[in-house]
Amino acid sequence: AIIGESARWGDTFRTLPFTIEDWKTEINDIYTRYFPYRTDIVINQLKAASLLPTFSPPVLRKDNVILDQDRYPVSGNYQVTISGTTGQLYYTLDGTDPRLIGGLNNPTAIAISSGTTINLQGTAIVNARIKSGDNWSALTSVKFQNPNEDYTNLKVTELHYHPTDTLVGTSIISGKSFEFLELKNTGDKPINLAGLSFTSSVDYQFKESDVLAPKQFYVIASKPKWFYERHFMVPTGNFNKNFSNSGEQVIISNAGGSPVINFTYLDYNPWATAPDGNGPSLSSAIRNPTGDPSDAAYWKASSVYDGSPFADDPGIVDTIDDGPAIDNQVVVYPNPTRGKLYLKVNNASSGIEVQIYSLSGSMLYNSSVIGSGTVDLTQLNIFPGIYLVKTKCDQRNMVYKVVYQP
């Protein structure tokens, strides 16, 4: 693009046209002179406007060395010390932020005193913040990556290999533009994905910084634009080529070339046939599968048209309850939803206050239920998209992002 622009406009203001080398020189000047000079000025301006905390984030140390990078290689057991200058320190190891949307405390966050040392093993994600009054510091986030990873709990949980074509205006968008594959960490520890790549079916190389948190999902899509148009979410990555509509072998290999995930899917009995161009995706039959994905019994047709990327299929019925709450925490499901949103707590006599907001902050719904309840989003006259569901139960406030896909 730069070469084309230079050919078109490079000689507008001078006889000798600007070239790509002139552009590189200017970019280098911005990086080496302008940004270093402006950084502190902009930070101070943001603090003065109360758009940035005035106190520093937590500091992490390993072997008495300050960790100022976002990731480090590790092996075996090690210790990390977390310290801060003011307020209460909180940290998490499950990949979530200690601060929830709206400034609430994350129930999984652990409160510690400054100088606390935590014991870690293998791949880990440490997220830490300081809370002083109602204000939070910036997030300190460090990934520790074990190059000799155990991939036992890395599972393929959804494959949309033959989506339907879609009419947009007067154009037909091929179903190949809506393909995606979903991976899930079914374990209780993060998994280092650096070095992995697809070596059969599509082309995709995992990023060196990729670490998948416990019970979280990693979704790669054929065309991010059309994935977003259909699911209102940004995929984790973008693959090249396409999955075969008639079935094929899919292999994910580590840096040494050894298969980590290796399976073949088919589009005829005993495999579910509805995912072959009829709307549903191919979804794992249970939330945390342990079997062989080359076995038809591992899979089922998704209960949601076009699938449910970044979430368990809402139609799954297995040994895990749809919403077992910890400490009477409100559970909101399914997510994404086509309309019905269910709320539940362990204590059937507990009251739940529920409010639904648009991302711009407008309240769309305000009500209360006892023990469990249902909200029908189709009755709120709202558009498809992402909404914030705020709940309060037993003095605990929670905020959830919910994707509405009617």
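Look at the dipole of region 115-201 built from charges on Cβ: of Gly115, Ile130, Thr164, the Cα furthest out on the positive end belongs to Gly115.
Couplings for region 84-91, taken from phi via the Karplus curve 6.51 cos²θ - 1.76 cosθ + 1.60 with θ = phi - 60°, read x, 9, 8, x, 9, 7, 10, 9 Hz in order; Gly and Pro are left as x. Descending by average beta-carbon neighbour count within 10 Å, the peptides 111-124, 219-232 line up as 219-232, 111-124, the highest first.
Shown in residue order for region 51-62 are the 3J(HN,Hα) couplings computed by the Karplus curve 6.51 cos²θ - 1.76 cosθ + 1.60 at θ = phi - 60°: 9, 9, x, 8, 10, 6, x, x, 10, 9, 10, 9 Hz (x for Gly and Pro). How high is the FRET efficiency from Tyr34 to Leu167, r the C-beta distance, R0 56 Å, rounded to 0.05? Rounded to the nearest 0.05, the efficiency is 0.75. For region 154-301, a Kirkwood radius taken over Cα pairs fed into Stokes-Einstein (25 °C, viscosity 0.890 mPa s) yields D = 157 µm²/s. Across the chain, C-alpha contacts under 8 Å between residues 6 or more apart give a mean separation that, scaled by the residue count, equals a relative contact order of 10 percent.
Per the Debye calculation on region 2-48 with a single equal scatterer at every Cα and no solvent contribution, log₁₀ I(q)/I(0) for q = 0.27, 0.31 Å⁻¹ amounts to -0.90, -1.02. Estimated from the Cβ-Cβ distance and a Förster radius of 60 angstrom, the FRET efficiency linking Glu229 and Thr117 is about 0.80. Net length available on complete extension from Val42 to Ile382 is 118.6 nm, with 0.36 nm assigned per residue and the Cα-Cα distance removed. Taking amide hydrogens as placed 1.01 Å from N in the peptide plane, the amide H of Lys340 sits under 5 Å from those of Leu377, each at least 5 positions away in sequence or on another chain.
Residues considered: Lys300, Lys131, Lys24. Largest GNM mean-square fluctuation over the chain, using C-alpha springs under 10 Å, is found at Lys24.
Here region 242-322 is treated as a sphere whose radius is the Kirkwood value from Cα pairs; by Stokes-Einstein at 20 °C and 1.002 mPa s it diffuses with a coefficient of 157 µm²/s. Taking 56 Å as R0, compute the FRET efficiency from the Cβ-Cβ separation of Lys215 and Thr15 and round it to 0.05. Plugging the Cβ-Cβ distance into 1/(1 + (r/R0)^6) gives 0.35. Result for the chain in a Gaussian network model with C-alpha springs under 10 Å: among Arg71, Arg38, Arg14, the largest mean-square fluctuation is at Arg14. Any idea how far the Cα center of region 338-372 sits from the one of region 89-168, in Å? One Cα centre to the other: 25 Å. Under a 10 Å cutoff between Cα atoms, tell me which one of Ile30, Ile191, Ile356 has the largest fluctuation in the Gaussian network model of the chain. Taking springs between Cα atoms under 10 Å, the residue moving most is Ile30.
The stretch between Lys401 and Ser372 holds 8.6 nm of extra length on full extension. This uses 0.36 nm per residue minus the Cα-Cα distance. Between Ser174 and Asp150, the simple spin-label model (points 7 angstrom out along Cα→Cβ) gives 4.3 nm. Which values of log₁₀ I(q)/I(0), to two decimal places, follow from the Debye formula for the chain at q = 0.09, 0.11, 0.15 Å⁻¹ with a uniform point scatterer at every Cα? Normalising to I(0) and taking log10 leaves -0.71, -1.04, -1.46.
Could you tell me the ratio Rg/Rh of region 335-392? Both radii from Cα atoms, Rh via Kirkwood.
Details: Rg = 11.5 Å, Rh = 12.0 Å.
Reported Rg/Rh (Cα atoms, Kirkwood Rh): 0.97.
Computed over region 59-145, the alpha-carbon pair-distance distribution with 10 angstrom bins reads 18, 54, 25, 3, each value a whole percent. The mean sequence distance of close C-alpha pairs (under 8 Å, at least 6 residues apart), as a share of the length of region 331-404, puts its relative contact order at 34 percent. With θ taken as phi - 60° and the Karplus curve 6.51 cos²θ - 1.76 cosθ + 1.60 applied, the whole-hertz 3J(HN,Hα) list for region 252-266 is 10, 10, 7, 4, x, x, 7, x, 9, 10, 8, 8, 10, 9, 10 Hz, x standing for glycine and proline.
Any read-out appearing in this document is the output of simple, stated calculations on the displayed coordinates, not a laboratory observation. Owing to the predicted nature of the structure, the values given are computational and were not obtained by experimental measurement. Ideal geometry is used to build each Cβ from the backbone, glycine not excepted, and the neighbour counts take in all protein chains shown.
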